[in-house]
1. Please go through the stretch 35-86 and pick out each residue that is part of a helix (DSSP H, G or I) and among the polar types (S, T, N, Q).
2. I need the full set of residues from the stretch 480-498 which are surrounded by fewer than 18 Cβ atoms within 10 Å (Cβ to Cβ) and either within 20 Å of the chain's Cα centre (by Cα) or part of a helix (DSSP H, G or I) (or both), in order please.
3. Considering only residues that are more than 29 Å from the chain's Cα centre (by Cα) and part of a loop (DSSP other than H, G, I, E, B), which ones fall in the stretch 256-280?
4. Do we have E532 as at pLDDT 85 or above and either in the same structural domain as S186 (by TED's automatic domain parsing) or within 23 Å of I150 (Cβ to Cβ) (or both) here?
5. Six or more apart or on different chains, Cβ under 6 Å: which pairs go from a residue in the stretch 469-484 that's closer than 11 Å to L432 by Cα to one that's in a loop (DSSP other than H, G, I, E, B) and at pLDDT below 85? Could you list them?
6. Considering only residues that are more than 16 Å from H460 (Cα to Cα) and surrounded by 14 or more Cβ atoms within 10 Å (Cβ to Cβ), which ones fall in the stretch 507-519?
7. Which numbered condition trips up R514, out of (1) over 18 Å from K204 (Cβ atoms); (2) out of contact with any helix residue (DSSP H, G or I) (no Cβ under 6 Å at 6 or more places or on another chain); (3) not β-branched (V, I, T)?
8. Within the stretch 332-345, how many residues are part of a helix (DSSP H, G or I) and in contact (Cβ under 8 Å) with a residue 24 or more places away in the chain?
Amino acid sequence: MSGSAGDAPVLEGGHRLGEGMRRGVFCLGLVPVATGLTLREAMWMQCCLTAGVEPGPMPAHAFRRADRHAVEDAMGVAPGLMRAMAADAKRRRRMVDADEEGRLPLGSPSPVDMMTRDFRVRPVTAWHQTSTGRAGVLSTLVAGSGAPRIDGPVIGVDVLSRELWRFDSWATYDAPGVHGPHMTTSPDVFICGLRGNGKSFAAKVMALREIEAGRHVIVQSDREGEWGRVANHVGGQVVSPGGGHYLNPFALPDRPSAGEDDLWRQEVLSGRKAAFMSLAEALREDGGPFPLDRDMQVVVDRVAVSFGTGPMTLEAAVDRLADRSWVDGESPSMTGFEHEPALARAAAAAAARVYAPMVRGGTLSGMFDRESTIRLDPSSPMIVFDTSSPALNNEQLKRVFTAAVSSWIDRLLQGRDGRRRIVVDEEAWDLLSNARLVDSLQTRQRSAGHWGCATWLIVHGVNDMTHVFGEGSELRGRVEEILNQMQTKIIFRQGGSNIDMLSRLVPDLSEDERRVIPTLPQGLGVWRVGAEHPRMVRALAGPTLSALFDTSDLRSAA
């Protein structure tokens, strides 16, 4: 039932949903009543059961006199319910009219109520403004109502202002900000929250809505196998290297348009060198030094250059390192080894031993040492790298997997095929604990506009950083810099011990937020988008997607 033309002034200035909405809902109810068959109905059913007899059309049902009272009772239920609902609506309207102080209305537990409630409530003051009567209950979490709209898909509802909440990693650049023409200049997102508080649900809702908007999603690590279900739902790909299936981290990115050959060659060489470094870092023993010393790095760099822009695998690279004749032939071209072939051979042999566990039957071989047998479709809406295999419980193999997959993703992004891609990492501390992958991530951040990529990092407690990185370490400083560069932060419930660390990552965290975040209900997150006021948002999905996203089935005792 639509509002009449006379109601138009009520909606001037914009209400909570930003446009004229329905102010009522028409409901149709069905009250079943058991009635007996009439004679005509019984005869028709007998014809249906008799072979060779055409029953004809089913007669209209007419209840018998004996059923009249039951039918009349049922017909009286609906008017009674409608009268009760009308009386309740009048009572609430009188309460609002008597609310001379103009207090802010309480949040609704039902999204349907948010979208169908009577928007004549408080018509004098627009929703994004306030009055002296309302000012006493304002906080930073409601001050954002009426901020510039982000032109993205609907993610959920702001539970305090009752606005539909929209978000897109790139649309925040187009939206005007408080301190400049852009709400954010980075498409990256940082999501944190304790287990079971809705961060994974929200991330999946965001990912699917982004896919519907034409984006492509890559999930770098799926420990629980939960993203694989989502990929299958949207027609994506689930990738599980191992068991005879190979993914080559040194594969060539797609060649860009003509005229960029020199740039493409440089990206290929630097990308392959970065892959070598990341894999070596993954092979580092706990507490030990970086496996490649300066001499070995010079030789490894020469190996990467020797393949040029042709095919390359880790197995072929290690073969060259172990080949004395190849090293002797290349040493005159290696700076510092021109007159030291023996020293070059020793450095190459030592580097070959570093990578030996990953090739030819080594304990970490069989996934990333040969040409790819897994064919990935760059146009797939979602690609998920499945790490739920028990074999990946080995910490070193897990680090190798993370390094190799990250290198492959960088090669895909360097292809610059015009697609916008979002890279999701559910276990971000594993990624950030590898110093070489931190280098790669910083490159990805700097090249976000060039490559068309956004990175979503998801962690549990932010205080876990103190366990992963040493206090005052160079790596920790770089990680904090990366997180600070992520101008969209979504914070779900955090324990009190995490608040101080959170304040370092969000320097302007308000007292309201410090008080609210440790007590946030499940599903509610505080969104910080650029320098805008924080918003408290609940991500919404229908029953089908909610069941698909749900990861709490084994948390319950039922």
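The values are calculated or read from the model by the stated rules, or taken from the named source; none is laboratory data. Quick caveat: nothing in here was measured; it's all calculated off a predicted structure. Methodologically, a virtual Cβ is constructed for each residue, glycine included, from the backbone with ideal geometry; neighbour enumeration extends over all protein chains shown.
1. Correct list: Q46 only.
2. E480, E481, N484, Q485, G496, S497 - these are the residues of the stretch 480-498 that are surrounded by fewer than 18 Cβ atoms within 10 Å (Cβ to Cβ) and either within 20 Å of the chain's Cα centre (by Cα) or part of a helix (DSSP H, G or I) (or both).
3. Within the stretch 256-280, S257, A258, G259, E260 meet the criteria.
4. no
5. What qualifies is L475/F469; R476/F469.
6. Hits for the stretch 507-519 are L509, S510, D512, E513, R514, V516.
7. (2)
8. The qualifying residues number 3.
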